[in-house]
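To start, the structure under review is shown below, and the notes come after it.
We did not get these values from a lab; they are worked out from the coordinates using the rules stated. Because the structure is a prediction, the values reported are computed rather than measured. Backbone-built Cβ (ideal geometry, glycine too); neighbour counts: all protein chains shown.
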Amino acid sequence: MTQIDQAVDIREGEELDISAVDQFMKKAIPGLEGQPSIKQYPGGASNLTYQVDYGDQSYVLRRPPFGKIAKSAHDMLREARVMEALKPVYPYVPNIVAICDDHSVLGCDFYVMERLKGIILRQDFPKDLELSAEDTRKLCLNVIDKLVDLHTVDAKAAGLDKLGKGAGYVQRQIGGWSDRFRKARTDDVGDFEEVMAWLNDKMPDDIAQVVIHNDYRFDNVVLNPDNPFEVIGVLDWEMATIGDPLMDLGNSLAYWIEADDEGPFQMLRRQPTHRPGMLTRKEVVDYYMEKSGFRAEKFDFYEIYGLFRLAVIIQQIYYRFYHGQTKDKRFAAFGHAANYLEKRCQRLISESTL
């Protein structure tokens, strides 16, 4: 059995009030005894995720980051309610155990869910998971299949059809992310104006209106430790909504770094898409379109949008670091990353035939 994903020591400045967590947990979950052990998951640069253990009973607590955050961002209550609605029709969603909107507990909204004990593929495969190129391909296809499955969920039957704002999703995304970038820009990062103008000019109509995850990556997928080809969970539903499926795929491909990509892009890699047997970005798009039935003649717009959106997310995090709102040293080089992504977008724009 491959090593199960584990939490680690809590980062400085992101500690939780153990007594407050304990009181809340014991009130929400009858039968808990003793004092909790709390650790933190190392992945993620946005919401904070903790493992809360009472003996052999294990839970996961999700809360927003510390520091000043945008009013509409990191909505824990929305994320939990989306998960509750989606669970009956998309079984890979973890069960929600408790939701807290009382800020006297931890100073924020948060929720507690079941812990799915499994493998999470982060930057590299775990040391005890060795897959051949053929098996890696099989795993890769299974993970893409779960995105296709999500995009075929009947949103109305799940009561999620009102989650989005209707037609015009693509337009709202380009306008919204452009606005967010301008608000989060720091003096040491490019202005992205050429990229934003191109995206605004080349916007297609929505392909469809479906349930989308908006952050679908290998490190948000949980694999069965006894059968690492089997997906048993999909995590991080903060940005899930009703929207365009190809925009969702474009978001995922921004993280899909191949073995022969240039050095600066390799430095952004946070999932093992460089392994022999992994599909290329083009193969992912072709496979997805064939399986899902959602098609576009050219994928340029969605690829560049995904990279731009990633740059905005990185810049929003860097803005917090730049202004001393977080001390997390992982974020120190995020300004360089945003600058690289601007150049990558500009190059793809110059090569595009759209």
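Miscellaneous remarks
- Linear extension gain, Thr186 paired with Asp261, 0.36 nm per residue minus alpha-carbon span: 24.3 nm
- Only helices enter the 222 nm calculation for the chain: every DSSP H run of n ≥ 4 contributes -39,500 (n - 2.57), and dividing by all residues gives -12000 deg cm²/dmol, rounded to 500.
- Estimated at 0.36 nm per residue, the fully extended path between Asp154 and Lys343 surpasses their Cα-Cα distance by 64.1 nm.
- Taking Leu131, Leu199, Leu249 in turn, the Gaussian network model of the chain (Cα-Cα springs below 10 Å) assigns the largest fluctuation to Leu131.
- Shape category assigned to the stretch 103-217 from the gyration tensor of Cα positions, a/c cut at 1.5: rounded
- Relative contact order (%) - the chain, alpha-carbon pairs under 8 angstrom, separation at least six: 19
- Between helix 334-351 and the chain: long-axis angle, C-alpha atoms, 0 to 90°, nearest 10: 30
- Distance histogram for the chain (every C-alpha pair counted, 20 angstrom bins, percent rounded to whole numbers): 29, 61, 10, 0
- Radius 13 Å from Cβ of Val82, net charge of other residues (Lys, Arg +1; Asp, Glu -1): -2
- Distance from the C-alpha centroid of the stretch 281-354 to that of the stretch 137-194: 12 Å, rounded to the whole angstrom.
- A DSSP coil position with no more than 14 other Cβ atoms inside 10 Å describes the following trypsin sites (Lys or Arg not before Pro) in the stretch 155-197: Lys156, Lys162, Lys165.
- Residues of type lysines that Lys156 reaches as a straight line, Cα spacing below 23 Å, ignoring anything fewer than 8 places off in the same chain: Lys87, Lys146, Lys165, Lys291
- Placing R0 at 51 angstrom, the Cβ-Cβ distance between Thr280 and Leu32 gives a FRET efficiency of 0.60 after rounding to 0.05.
- Extension gain, Phe229 back to Ala20 (0.36 nm per residue minus Cα-Cα distance, nm): 71.4 nm
- Cut-off 13 Å between beta-carbons: net charge of the residues surrounding Tyr92, Lys and Arg +1, Asp and Glu -1: -3
- In degrees, nearest ten, helix 76-86 long axis to first principal axis of the chain (Cα): 80
- Estimated inter-spin distance, His336 and Ala208, nm [label 7 Å along Cα→Cβ]: 4.2
- Cubic angstrom per residue, convex hull over Cα atoms of the stretch 156-237: 163
- A DSSP coil position with no more than 16 other Cβ atoms inside 10 Å describes the following trypsin sites (Lys or Arg not before Pro) in the stretch 1-57: Arg11.
- Shape category assigned to the stretch 18-114 from the gyration tensor of Cα positions, a/c cut at 1.5: oblate
- FRET efficiency for Leu77 and Glu134, using Cβ-Cβ distance with R0 set to 56 Å, rounded to 0.05: 0.80
- On the basis of the beta-carbon distance and an R0 of 30 Å, Asp56 and Arg11 show a calculated FRET efficiency of 0.70.
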